[in-house]
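Please read the structure below before turning to the comments.
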Amino acid sequence: MSGLGELDRPGAPGGAEAWDERSGEWVAEVGGADAVPEGTAVSAVSEQAHAPAPNRRPTPRRTAADPVKALMHRHRELCERAVDPLEIAAGLEAHGVTDRTATRFRHRDVFSLAEEMYARAAHDEETAPRPTTLTPTRAHTSWILLTLLPGTLCAATVAALRLTHGQAHAIALAVGVLAAVLALRAALTRGPLAPTNGTLPGSARHSSGSRAWTCWLVAYALLGDGLLEAAVAGGPDALPGASADSSWAVATAPVLALSLACAPAAWCAHLFAVSARRRLDTSRGLEDFTASARPLLLGAFALFLSALSALLAVCGVVLGESPAYAQTVTLGALLLLARLLTAHGFTHAPAILLGAAAAAEATALATVFAGRLPGCGFLATPVETAADTWGPGTVPTLVCSVAALTLLVHATRTLTRASAHAPVDQPC
Amino acid sequence: MRIGLLTEGGYPYVSGDARLWCDRLVRGLGQHEFEVYALSRSERQEAEGWIPLPSQVDRVITAPLWTAEDDGVHYGRRARRRFAECYGELAAALCTGRPGDPAAPGEAPAAEADRFGNALYGLAELARDEGGLVGALRSETAVRALERACRAPGALRDAREARVPDLLAVAAHLERALRPLSLDWYEDDGLGSVDLCHATSGGPAALPGLLARHFHGVPLLVTEYGVRLRTHYLAATDAPPAVRALLAAFHGRLAAETYERAAVITPGNAHARRWQERCGADRTKLRTVYPGMDASRFAEVGESAESADADTLVWVGRIEPAKDLVSLLHAFAEIRKEEPKTRLRIVGAPADPEGTAYLGHCKALAAQLFPDEAEGPHSVGDNPVSFEEIGGPELPTLADAYAAGAVTVLSSVVEGFPISLVEAMFCGRATVSTDVGAVVEVIGGTGLVVPPRNPRALGEACLALLRDPERRERLGAAARARALELFTVEQNTTAFHGIYLEIVSHTPVRRLVLDDTGEPLPFAVPAEAHVPGRWTGPAARVVARGGPAWAAGAPVRAGSAMPATHATPATEGAR
């Protein structure tokens, strides 16, 4: 068979009830019974087959004055949901109504019959209540555990580093860093922080760049301040951790707090996404949505910042280090905004700003070292002055706050658009 | 001649629609070169691979419709404004009254009808110049344009009620539907190099053909065995009315634009033809080309003298509720009252769980209506109704199934193109069918037709044939002759061959002839090769491409650039 017949075959009547109903109808006609419950068709027919009335003519039925009304009643669901006459025509044909049937309703063809039905149904429809569409929120909870993983692994690594010495120390360091990075990667590929359309080639290009810059920024939070302080003082003499009295101090508290903050970040992103979707359903227009989404974004952002501050304080107390509030909170804000934008498909701006921030920090470090070259002392002056006056944390604070503010402005414009919250896959 | 065969979810994929027809067409027209441009419908379809292709298929170019490739292009200010203008026009065209609206019969002005086309080609030109259309179609600009169009005065009632999620859904659907605009098929070495685009279905497959016509003036032939717009309506979704209204408007306008621009449209039967006419296709462009079937399988049965059991009725087909076997069984009960020796063989298998359930239902009904019967008191009885499948020892082939009966019955309540009826006609069997789908058109006067859902009429018609062997034979011979005339593969192929030649003779592609250094060769095409104006009477709607605008008959597109064709210098020379 060529299979072409299938292409033009009107869809079969939906569901098994179609033929049950039909056969039941016919049974009702022959048996003279008005109401035969569905499912008893077979027995009714068998009774009729043995009934002693071989040549009885079927009783005429459907003698209503308005045949179209009866037809509309039979296809009322079709008439109610149709958006134009052609939809009714297609539906009628799928139920076996042909042009010849249409002549019984005093119409030339199915199209004009469908037009009458559409015109008559449209009046009733005015008052029909509109079904409220509530997009069901999918309850996937596996990402909650995943977001806790980086923090846990990071804490374990820090504990192991405190407890081990010598070769075991190096092994713990390597294993811990690797595990934390892998866990972070896993946490960012699932759940609310994952990009919605990560398959796009453009976003892939940006995301690898963003990932490298993020690593650099976190590494600076860990080592940068100590290095800058040592450099300003004329060092560094040894690698961090090589000796107990090394001038190059390592700040573990900010990094631990940042890794622990993965969980609140994911929760805040989830909160934002869910409430934005709810607003999407209830808002009347695009402007309306934008106006109502802006407080949501700012609220989620503030929530994350306070959670990060609390984590920082706890980490500082536990590790006995000074919690570098300013630089860590601004870095956290920058990373959260970059991730939120990436997750909603805006990969361009985060990649640029993360890159710019990382470059600025690298430049600051480089100028200090470049200042040691003969005749280039002026290069180091601005950074040294700032570090001397307000401490070495000034550089990352300044850089990250500028970048985070820029991203915040960008996010309040892009993330509050309705198109940023479009559901990914919809049925045709 | 180079034919660009445009398919969507069909040839050459193993699981494609109508692949057999395309394959026969391509193999049957070996004198032409074919380039297949295939849009795949799903990842699974792509993974299943292609069917073997004959040597006349030069190349196959595929693109996925199920996934979008964002090329990461960000529009500048000017491109963004251009996009917003085109998309706004498109949205406005969708939101205002629909073409063929009964409320405004025939008064849709040409400019209004052209609005959709202009917007479509504007977007295509933008995609060709700048790229990045996928991202733009998903952007806030697009959603805003939709919202503005929906809130504008004079918008459809359903569209006015569109809320934000509806707008997003419509934008996503439009992005999906307009994916063919971003393809790189419209270059000079792609669709620009073919003489004729043959779209094997309407809708997305015809979209590349429309663009090839717009960019290069390649004539378009549209074949629709199933009307795409109707398929869209039947694929019922639970989307809100606003979404369905806007999408129906889009598909309706796309169909209208396709029919308007196509040089020739070939519906597969009168039903498809009616829909196409309804959607604005010009009658003069329509040529019904019936699907072809392989007649050789049935030759032996059809040519042999009737040897079948004269008391047997046969029903062949796929078992499903739309075939209304219940009605057939009741009709058979009527027949048995008059002719107790009659038997009914139902040959076929269910295709889905619903069909299986229906088969069980029918078997139960048959067992209750007709008790088993035996020859005498000492022999084992049998039911007069048998349910069989092809491939068993009794019925090894399809032709045997038809040969087994004197009369073939078709009892469907819903039918497209009734293939089993055509097969019965090839076998030279007298038929009784219900008046559904294309049955009357197929059978002509060579069989009996009764109303659907009327078992009494069906039974009486069968009885009439069972009692009259001569009439049976006469009808069977006529049916076979008619089928051989209309429904063979050769007929189909020949018809398309003729249509190809007809189109190309009306719209020859004139290429600029280049010399060895790549410079245009002047006077390579003599001026006499092109006769401006109409060759035939005013009825001819297909006008030589590249001819003067006044000859084109169609309204001149407002605000759109003249299509850039290679033919321009040659045309200038001709003038």
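The values are calculated or read from the model by the stated rules, or taken from the named source; none is laboratory data. In this text the structure is predicted, and so the values were computed from the model without any measurement. With ideal geometry, Cβ positions are generated from the backbone for all residues, glycine too; neighbour counts draw on all protein chains shown.
Residues in the range B:352-371 that are loosely packed, with under 10 Cβ neighbours inside 10 Å and touching a residue at least 40 places away in the same chain (Cβ under 8 Å): none. Within the set B:Leu221, B:Leu234, the sole residue that is free of Cβ contacts under 8 Å to residues at least 40 places away in the same chain and more than 24 Å from B:Leu146 (Cβ to Cβ) turns out to be B:Leu234.
With respect to (1) of a type outside the set (Lys, Arg); (2) in contact with a Pro (Cβ under 9 Å, 6 or more places away or on another chain); (3) more than 8 Å from chain A (Cβ to nearest Cβ), the lone exception for B:Thr237 is condition (3). When the range A:324-379 is limited to residues that are within 25 Å of the chain's Cα centre (by Cα) and of a type in the set (S, T, N, Q), the one that is farthest from A:Thr252 (Cα to Cα) turns out to be A:Thr347. Within the range A:284-313, no residue that is farther than 18 Å from A:Phe272 by Cα and outside the structural domain of A:Val329 (by TED's automatic domain parsing) sits with its Cβ atom under 8 Å from a residue that is surrounded by 15 or more Cβ atoms within 10 Å (Cβ to Cβ) and among the small types (Gly, Ala, Ser) at 6+ positions apart or across chains. Per the listing B:Gly217, B:Gly252, B:Gly209, the residue uniquely small (Gly, Ala, Ser) and within 8 Å of chain A (Cβ to nearest Cβ) is B:Gly252.
One residue stands out in the range B:158-174 among those that are at the interface with chain A (Cβ under 8 Å from one of its Cβ atoms) and within 31 Å of the chain's Cα centre (by Cα): the one that is surrounded by the fewest Cβ atoms within 10 Å (Cβ to Cβ), namely B:His173. A Cβ distance below 6 Å, combined with a sequence gap of six or more or placement on separate chains, defines the contacts here; from the range A:259-276, residues that are outside any helix (DSSP H, G or I) reach residues that are aliphatic (A, V, I, L, M) in the pairs A:Ala261/A:Leu308; A:Ala261/A:Leu311.
Among B:Ala374, B:Ala349, which is the only one that is assigned by TED's automatic domain parsing to the domain that holds B:Gly476 and surrounded by 15 or more Cβ atoms within 10 Å (Cβ to Cβ)? Answer to the check: B:Ala349. Listed conditions (1) in contact with a Ser or Thr (Cβ under 7 Å, 6 or more places away or on another chain); (2) at pLDDT below 80; (3) in a helix (DSSP H, G or I) are all met by A:Ala221, apart from (2). Would you mind stating whether B:Ala235 is modelled with pLDDT under 90, buried (at least 23 other Cβ atoms within 10 Å of the Cβ) and among the aliphatic types (A, V, I, L, M)? No, not satisfied.
Across the range B:130-142, the qualifying residues are those that are in a helix (DSSP H, G or I) and under 32 Å from the mean Cα position of the chain (by Cα), and the one among them that is modelled with the highest pLDDT is B:Ala142.
Residues that are at positive phi and not small (Gly, Ala, Ser) were ranked within the range A:58-116; the one that is modelled with the lowest pLDDT is A:Arg62.
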